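Written below as structure tokens is the structure these notes are about.
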Amino acid sequence: MRQVIAGNWKMNGLTADAQALAQALRAGVEHAPTQAEVLVFPPYTQIATVARILAGSGVGWGGQDCHMAENGPHTGDISPDMLRDLGATHVILGHSERRRDHNELDETVREKTVEALRAGLIPIVCVGESEEQRAGSQQEDTVGWQIKGSLPDGFGGADGSGGLVAYEPVWAIGTGRVATVEDIAAMHAFVRGELVRQMGETAGRGIRILYGGSVNAANAASVLAVPEVAGALVGGASLKATDFLTIIAATTGLPAA
Ligand code: PEP
């Protein structure tokens with residue numbers, strides 16, 4: 001399985017910015033083809049623009065969230081089918097900023113994951129402990145419960161293509177404080193163990209586990225070389241094409257798990 005580099009643009013970018021970023025990304029991957037699976041997650045308003053530019057480039061795109069219903073009276077929300085309609089293949093669910101800003105609980109994330117899978121989207125479900133939880137040595141309990149509460153039966157599928165998990169310590173997101181390679185290795189090994197325990201041997205071993213939290217052009221190579229790190233979910237550094245392309249170039253090209 002290939003390593004995954006996923007760029008979460010968050011709430012950034014007007015049309016001209018999205019166009020420039022997508023065009024630079026396309027030019028970059030055409031100039032230096034990669035074995036990695038590359039994905040971008042623009043704001044909803046820019047997905048169609050980005051899709052037009054990236055179509056046929058090998059770079060995929062997805063949504064930063066979606067609703068748990070197929071359609072209906074949910075003002076301001078977006079359904080998984082609407083993302084599919086724009087050619088999206090993936091959706092990020094349970095990002096800590098959604099959990100924080102919209103009070104999303106594990107149960108909400110699980111319902112969204114079920115609906116995303118029904119619509120044919122591949123969910124990237126985010127888990128991770130807060131600074132307080134780590135200070136209290138509760139990172140494993142926290143992440144174990146999040147996995148149990150957020151992932152539905154059947155997640156990951158037999159070949160791992162039915163869902164990915166992103167381990168993102170909240171204190172490392174957007175702070176410039178990347179976790180140490182030892183902490184990343186320990187938590188990824190823990191997440192793998194929980195996935196196997198909760199989903200069974202076949203599904204649990206096949207799910208790719210991404211790391212997220214202040215990955216940048218300078219630290220990507222060391223993060224991506226950690227055992228069990230099958231790629232990175234990148235926020236801030238995905239907004240600069242040169243940095244994002246450097247991160248893509250740092251993928252190992254080795255089997256991810
Ligand atoms: C993220 O948004 O998932 C993220 C990891 O952000 P950053 O890379 O900016 O820490």
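Size of the dipole of segment 156-257 about the Cα centre, Lys and Arg at +1 and Asp and Glu at -1 on the beta carbon, nothing else charged, in debye to 20?
On the way: 6 positive and 8 negative charges, 20 e Å.
The dipole magnitude comes to about 100 debye.
Could you tell me what % of all Cα pairs in segment 187-257 have separations over 16 Å? Could you put the intermediate results ahead of the total?
Values: 1203 of 2485 pairs.
In whole percent, the long-distance tail amounts to 48.
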- Item | Spread of Cα-to-Cα distances over 10 Å intervals beginning at zero, given as percent, for segment 39-159 | 13, 41, 31, 13, 1
- Task: Calculate the dipole size of segment 88-198 relative to its Cα centre from +1 charges on Lys and Arg beta carbons and -1 charges on Asp and Glu beta carbons; express the result in debye to the nearest 20.
- Result: 220
- Item | Average projection area in nm² (convex hull over Cα atoms of segment 119-257, one quarter of hull surface) | 8.2
- Task: Can you tell me what the convex hull of the Cα atoms of segment 161-218 projects to on average, as an area in nm²?
- Result: 4.4
- Query: Dimensions of segment 29-86 along principal axes (Cα, Å, largest first)?
  - Reply: 45, 19, 15
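Roughly how many Å² is the accessible area per residue of the chain, as a whole number, for a 1.4 Å probe?
Details: 11090 Å² over 257 residues.
For the chain, the per-residue accessible area is 43 Å².
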- Apply the Karplus parameterisation 6.51 cos²θ - 1.76 cosθ + 1.60, with θ equal to phi minus 60°, to every residue of segment 159-172 and state each ³J(HN,Hα) to the nearest whole Hz, in sequence, with x for glycine and proline. 10, x, 7, x, x, 10, 10, 10, 8, 10, x, 4, 5, 9
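In percent, what relative contact order does segment 2-51 have, based on Cα pairs under 8 Å that are 6 or more apart in sequence?
Numbers: 49 pairs, mean separation 31.1, N = 50.
Computed over segment 2-51, the figure is 62 percent.
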- Taking a ≥ b ≥ c as the square roots of the eigenvalues of the Cα gyration tensor of the chain, is the shape rounded (a/c under 1.5), prolate (a/b larger than b/c) or oblate? rounded
- Task: Please report the relative contact order for segment 89-133, taking Cα pairs under 8 Å with a sequence separation of at least 6, and give it as a percent rounded to a whole number.
- Result: 56
- Task: When a/c is below 1.5 the answer is rounded, else prolate if a/b is larger than b/c, else oblate, so apply that to segment 1-69 with a ≥ b ≥ c taken from the square roots of the Cα gyration tensor eigenvalues.
- Result: oblate
- Message: Computing the accessible area with a 1.4 Å probe over protein heavy atoms, can you report the carbon and sulfur percentage for segment 122-184?
- Response: 49
- What accessible surface, in Å², does a 1.4 Å probe find on Val178, ignoring ligands, DNA and RNA and rounding to the nearest 10? 50
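Could you tell me the relative contact order of the chain? Use alpha-carbon pairs under 8 Å, at least six residues apart, and round to a whole percent. Could you put the intermediate results ahead of the total?
Details: 537 pairs, mean separation 53.0, N = 257.
Relative CO of the chain lands at 21 percent.
The values are calculated or read from the model by the stated rules, or taken from the named source; none is laboratory data. Bear in mind that the values here come from a model prediction, so they are computed numbers and not experimental data. Note that we place each Cβ from the backbone using ideal geometry, even for glycine, and neighbour counts take in every protein chain shown. Note: areas computed on protein heavy atoms with side chains; ligands, DNA, RNA excluded. Shrake-Rupley method; radii C 1.70, N 1.55, O 1.52, S 1.80 Å.
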